[in-house]
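Novice: Here's a structure for you.
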Amino acid sequence: MDPIISVKNLNKDFSHVTALSQVSFEVGVNEALALWGSNGAGKTTLLKCLLGIISFGGDIRVMNLDSRRNGKEVRRNVGYIPQEIRLHSDQSVWETACFYAAIRGVSKERSDLLLKQWGLDEARKKMVQTLSGGMKQKLALVIALLSEPPILLLDEPTSNLDTKSRLEFSEALKQLKKAGKTLIFCSHRMSEVRKTADRVLWLENGLKKMETKPDALQSL
Amino acid sequence: MNVKIAAIIMKKEMRDARRNRWFVVVSFLFALLSVSFSLFGMAGLGSLGVAGFGRTAASLLNLVLLIVPLLGLLLGSVSIVSEREQGTLMTLLAQPVTPNEIFLGKYLGSAFSIFSTVFLGFGVSAIAIAKYAGTKEIADYLMLVCFTVLLGLAFLSIAFCVSLLVRRHATAMGTAIFIWFFFIFISDLGLMGTSIVLKLTPMALFWLVVLNPAQAFKVAVVGNLQKSFEIFGAAGLYATETLGRWLSPILIVTLCLWIFLPLVLAFFYFRSRCVD
């Protein structure tokens, strides 16, 4: 079966700093790939390249679409949750969900359904700036899931959460994988990687160090 | 380019403008003063009552010159830098949208917010004038409205360049106010001084005047109201003699260039640098 994501010889430079160099990998349908590596290894940059929102060298195909040329189509099929959730603070939860629903071309009913599904129904009138970290993370997940994308990119999704919220979110990721989503997520937590990932891509200083199984990573 | 997505972003921008304290205060001030000017337009002639459209247009000219550029600069200068500073631009770009749609939506949203303020101020005044003084010379008034829209868009385009070149909301606001001060006050005084010291020819003086979008607006409106540009002295006489009936179109083109050149520059800069 064709991979849902294929990356070949990916390069990215920021001024005089090499963020990614000759990175190649593939991800299959319904696979969960963890991006592992220290801060500055190039994990976030890799996710932004996959989304086609920054320029890069090499070739990226997401569902057979060229990320560089068909960035908009790629983003229609990808839900993205950044490390720091940045939403318009002067909007309510409901206004935020409806704004992104309109952009993604889905109905308000879909926003309503997802807010109920992810436990944000009672907070719909709350302003985004008053939400806790966990609730913001859930709202970001709601936005990412609005158009039912088959792929989710998550940049250290639990790094700013307390233990309870982290466990809840990890459980949510497992559910999403069961529902057939393909996941690529960055993480610094071995437990999270072992729990959710099928495979690990280890990056260091913009280079691919190795691709391995989560259990093998622990023994290294 | 999906116009529907640009329209969604435009609506959001218009809502943001309504929540911008400075914009609301300046808009309210503009509406209040324009109505006052039309209601007390005859005071200068020693009588009370509503002036006609022609006289009101002349008295509104300086008010427009002060307030409309400020509206454009205040709105446009923070439009993109705020989103970038808060990180919401990245969230927006991660959606199925293109930078072109974001830019178009933001510019149109700001432009329609300025239109609404201009039409509100002029509209309320027009109702009062039409009711009490009739519709004589309404063409002069409509001409002022059209030039006001061009003036607002010119300063909005300049402000979008500012919004892309600076990194902080506060810097954008400060730069916007400096630009307003420069084009409305400093350039006028500077030009007067320069023309005396350098003994500028009428031709050089005329072209230096119309290079400033605010002055191009002023010359165009006064020239059209007076049906003559001689009020501007030697430079006005030079312009009338050499450019003749092309003078008004040249002033309109100047204002349009002030709208499109900064806008095109801002557009390409945004496309190339929106995230990297």
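Novice: Any idea what the dipole of region A:88-148 comes to, in debye rounded to 20, about its Cα centre with Lys/Arg Cβ at +1 and Asp/Glu Cβ at -1?
Specialist: In total the dipole reaches around 80 debye.
Novice: Can you give the % of DSSP beta bridges in chain A that are antiparallel, to the nearest 5?
Specialist: 55
Novice: Once the Cα atoms of helix A:133-145 and of chain A are each reduced to a long axis, what angle between those two axes, in degrees from 0 to 90 to the nearest 10, is obtained?
Specialist: For helix A:133-145, the angle is close to 80 degrees.
Novice: Can I ask one more? Just to confirm the number: angle between the C-alpha axis of helix A:93-103 and the first principal axis of chain A, 0 to 90 degrees, nearest 10?
Specialist: On a 0 to 90 degree scale, this one is about 60.
Novice: With θ set to phi - 60° and the Karplus curve 6.51 cos²θ - 1.76 cosθ + 1.60, what are the ³J(HN,Hα) couplings of region B:211-224 in order, to the nearest whole Hz, using x for Gly and Pro?
Specialist: Working through the residues one at a time gives 5, 8, x, 5, 6, 4, 4, 5, 4, 4, 5, 4, x, 6 Hz.
Novice: Report, in cubic angstrom per residue, the convex hull volume of the C-alpha atoms of region B:175-231.
Specialist: 84
Novice: Rolling a 1.4 angstrom probe over the protein heavy atoms, how many square angstrom per residue are accessible across region B:3-274?
Specialist: 46
Novice: Sticking to Cα atoms, compute the Rg of region A:88-148 to one decimal and its Dmax as the biggest Cα-Cα distance, whole number, in Å.
Specialist: For region A:88-148, the Cα radius of gyration and maximum Cα-Cα distance read 10.1, 28 Å.
Novice: For A:Asp66 paired with B:Arg271, estimate the spin-label separation in nm (one decimal), with each label point 7 Å from Cα along the Cα-to-Cβ line.
Specialist: Modelled inter-label distance: 1.7 nm.
Novice: Using a 1.4 Å probe on the protein heavy atoms only, what accessible surface does A:Ser159 show? Give it in Å² to the nearest 10.
Specialist: For A:Ser159, the solvent-accessible surface is approximately 40 Å².
Novice: Next up: Please compute the length gained on full extension between A:Asp162 and A:Val17, using 0.36 nm multiplied by the number of residues separating them and subtracting their Cα-Cα distance.
Specialist: Here the answer is 48.8 nm.
Novice: Using a 1.4 angstrom probe and counting only protein chains, how large is the accessible area of B:Lys131 in Å², to 10?
Specialist: Counting only protein heavy atoms, the figure is 150 Å².
Novice: Which value in Å is the Kirkwood Rh of region B:40-170 over different Cα pairs? Could the numbers behind the result be given before it?
Specialist: Working: mean 1/r = 0.0603 Å⁻¹.
Roughly 16.6 Å, rounded to one decimal.
Novice: While we're looking at this one, here's another question. Relative to the present Cα-Cα distance, how much length would full extension add between A:Val29 and A:Ser132 at 0.36 nm per residue of separation?
Specialist: Working: separation 103, 0.36 × 103 = 37.08 nm, distance 3.31 nm.
The span from A:Val29 to A:Ser132 would gain 33.8 nm if fully extended.
Novice: Whole Å is fine, so just give me how far the alpha carbon centre of region B:244-258 lies from that of region A:170-184.
Specialist: 61
Novice: Just the ratio, please: alpha-carbon radius of gyration of region A:52-140 over 2.2 N^0.38 Å, N its number of residues.
Specialist: 1.25
Novice: Given a 1.4 Å probe and heavy atoms of the protein chains only, how would you sort B:Cys256, A:Cys98, A:Cys49, largest accessible area at the top? Before the final figure, lay out each step's value.
Specialist: Values: B:Cys256 40, A:Cys98 20, A:Cys49 0 Å².
From most accessible down to least: B:Cys256, A:Cys98, A:Cys49.
Novice: I would also like to ask the following. Which listed residue (B:Val162, B:Thr88, B:Ile67) has the Cα farthest towards the positive end of the charge dipole for chain B, taking +1 on Lys and Arg C-beta and -1 on Asp and Glu C-beta about the Cα centre?
Specialist: Farthest towards the positive end: B:Thr88.
Novice: Using θ = phi - 60° and the Karplus form 6.51 cos²θ - 1.76 cosθ + 1.60, what ³J(HN,Hα) does each residue of region A:119-130 get, whole Hz, x for Gly and Pro?
Specialist: The phi angles translate into x, 10, 4, 6, 9, 4, 8, 5, 6, 4, 5, 9 Hz.
Novice: Kindly state, to the nearest 0.05, the FRET efficiency for B:Leu120 paired with B:Ile252, given R0 = 35 Å and r defined as their beta-carbon distance.
Specialist: For R0 = 35 Å, the calculated efficiency reads 0.90.
Novice: Could I ask something else about it? On a 0 to 90 degree scale, rounded to 10, what angle separates helix B:21-39 from the longest Cα axis of chain B?
Specialist: Rounded to the nearest ten degrees, it is 20.
Novice: Shifting gears a bit: May I ask you to derive the FRET efficiency for B:Leu142 and A:Ala216 from their Cβ-Cβ distance with R0 = 60 Å, giving the value to the nearest 0.05?
Specialist: 0.20
Novice: Between rounded, prolate and oblate, where does region A:96-189 land on the alpha carbon gyration tensor, with a ≥ b ≥ c its root eigenvalues, rounded for a/c under 1.5, else prolate if a/b exceeds b/c? Intermediate values should be presented prior to the final figure.
Specialist: Values: a/c = 1.84, a/b = 1.19, b/c = 1.55.
Note, shape of region A:96-189 comes out oblate.
Novice: For B:Thr254, A:Thr163, what's the largest-to-smallest order of accessible area, 1.4 Å probe?
Specialist: Reading off the accessible areas and sorting them downward yields A:Thr163, B:Thr254.
Novice: For region B:3-274, what is the convex hull volume of the alpha-carbon atoms per residue, in Å³? Kindly include the intermediate steps, with their values, before the conclusion.
Specialist: Numbers: hull volume 38.2 nm³, N = 272.
About 140 Å³ per residue, rounded to a whole number.
Novice: Quick check: at a probe of 1.4 Å, how many percent of the accessible area of region A:147-220 sits on carbon and sulfur atoms?
Specialist: Roughly 48 percent, rounded to a whole number.
Novice: If you don't mind, there's one more thing I want to ask. Beyond 25 Å, how much of the Cα-Cα pair distribution for region B:132-243 remains, as a whole percent?
Specialist: Value for region B:132-243: 37 percent of Cα pairs lie more than 25 Å apart.
Novice: Sticking with this one: So what's Rg/Rh here for region A:14-97, counting alpha carbon atoms and using the Kirkwood radius for Rh?
Specialist: Taking Rh as the inverse mean 1/r over Cα pairs, Rg/Rh reads 1.00.
Novice: Heavy-atom accessible surface, probe 1.4 Å, ligands and DNA/RNA ignored: which residues of region B:84-118 lose at least 40 Å² versus the isolated chain?
Specialist: Residues of region B:84-118 that lose at least 40 Å² of accessible area once the other chains are added: B:Gln86, B:Thr88, B:Met90, B:Thr91, B:Leu92, B:Ala94, B:Gln95, B:Pro96.
Novice: Here is a further query. Which translational diffusion coefficient, to the nearest whole µm²/s, is obtained for region A:1-150 from the Stokes-Einstein equation, given a Kirkwood hydrodynamic radius over C-alpha pairs, 4 °C and 1.567 mPa s?
Specialist: 77
Novice: Out of all Cα-Cα pairs in the protein assembly as shown, roughly what percent, to the nearest whole number, are more than 34 Å apart?
Specialist: Considering the protein assembly as shown, 48 percent of its Cα-Cα pairs are separated by more than 34 Å.
Novice: Quickly work out the A:Lys209-to-A:Leu113 label distance, labels modelled 7 Å from Cα along the C-beta direction, and quote it in nm with one decimal.
Specialist: Between A:Leu113 and A:Lys209, the label points sit 4.2 nm apart.
The values are calculated or read from the model by the stated rules, or taken from the named source; none is laboratory data. This one's a predicted model, so the numbers in the text were calculated from it and none came from an experiment. Cβ atoms come from the backbone with ideal geometry, glycine included; neighbour counts cover every protein chain shown. Heads up: the accessible areas ignore ligands, DNA and RNA and are worked out on the full protein's heavy atoms, side chains in. Shrake-Rupley method; radii C 1.70, N 1.55, O 1.52, S 1.80 Å.
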